[in-house]
Amino acid sequence: MNDRIIDIVIIFLLFSTVLILFLVFRLSGRIKELENYILINANNVGNIIPNFKGRRECDGSSVTSIDLQGHNVVLVFLSSKCSACLAKRTQLLNLLPGMARAGVTFWIAADDTHDISAIVGGSTLESHVLRIGADTRRRLNPSNLVPSYIFIDDQMVVRDQSHMEDENWIDFVKQMEEHSA
């Protein structure tokens, strides 16, 4: 009888240990998500965009942060390895006419280590790819959150920076859809 009780206690302890490990790993994933959210929202908002330079993927011409002055700019960060980023392709294609009519300059920022051809390949998005250095990408998007955006005003001040599902992105999409109509 005592052996049976000991077996039950051991099974219970093993089950409890597995459950606790599962919960710890799940919690650590949630904490990482929260850290990314805090990092990106505390990054550059309210400050002048850090100086950077890049090159247009379509023709190799140079673009610098100084070139953005006088323009309202949307800079997005995507990765072909991210299913949420792949899902943004259609939305971004639909936003291009509205952004053009509204006078918004649009760039998809990618460093040379990020293959984004699955997102932009064979579409008009290709002409909006801005290749930047990995260091620049880390300064602009330190948490490497994707899909994410930065809104930059005509004075080069970062007005917002977050995940492409937040309320400000959704409001932007609605505004650009109105310009497309």
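The values are calculated or read from the model by the stated rules, or taken from the named source; none is laboratory data. As the structure is a computational prediction, the values presented were derived from the model and not from experiment. Here the Cβ is made from the backbone with ideal geometry for all residues, glycine too, and neighbour counts use every protein chain on show. SASA here: full protein model, heavy atoms, side chains in, ligands and nucleic acids out. Shrake-Rupley method; radii C 1.70, N 1.55, O 1.52, S 1.80 Å.
Ordering VAL18, VAL158 by how much accessible area each has at a 1.4 Å probe, largest first, what is the list?
Most to least solvent-accessible, the answer reads VAL18, VAL158.
Which helices of the chain meet both criteria: a Cα extent of 15 Å or more along the helical axis and a mean Kyte-Doolittle score no lower than 0.0, with helices taken as whole DSSP H segments?
Membrane-span-like by this criterion, though nothing is claimed about a membrane: 2-42, 83-102.
What ranking do 104-111, 8-15 get when scored by the average of other Cβ atoms within 10 Å per residue, highest first? Please report the intermediate quantities before stating the final value.
On the way: 104-111: 20.6, 8-15: 10.0.
Going from most to least packed, we get 104-111, 8-15.
Taking the Cα centre of the chain as the origin and placing charges on Cβ (Lys, Arg +1; Asp, Glu -1), which of ALA87, ILE10, MET176 is farthest toward the positive end of the dipole?
ILE10
Work out the length of the dipole vector of the range 40-177 about its Cα centre, built from +1 on the beta-carbon of each Lys and Arg and -1 on the beta-carbon of each Asp and Glu, and round it to the nearest 20 debye. Write down the numbers at each step before the final one.
Values: 13 positive and 16 negative charges, 42 e Å.
The dipole of the range 40-177 has a size of about 200 debye.
Could I have the simple spin-label model distance between ARG56 and VAL18, label points 7 Å from Cα toward Cβ, reported in nm to one decimal?
Spacing of the two 7 Å Cα→Cβ label points: 5.8 nm.
Along the range 128-140, what does the Karplus equation 6.51 cos²θ - 1.76 cosθ + 1.60 (θ = phi - 60°) give for ³J(HN,Hα), rounded to whole Hz, x for Gly and Pro?
Couplings: 10, 7, 10, 7, 10, x, 4, 5, 5, 4, 5, 5, 7 Hz.
Given the Cα-Cα distance of GLN91 and VAL157 and 0.36 nm per residue of separation, how much length would full extension add, in nm? All intermediate terms of the calculation are to be shown ahead of the outcome.
Numbers: separation 66, 0.36 × 66 = 23.76 nm, distance 2.52 nm.
Gain on stretching GLN91 to VAL157: 21.2 nm.
Under 4.7 Å Cβ to Cβ, no partner at all: give me those cysteines from the chain, in residue order.
That list is CYS58.
Roughly how far apart, in whole Å, are the Cα centres of the range 12-29 and the range 117-169?
Spelled out, the Cα-based centre of one part sits 37 Å from the other.
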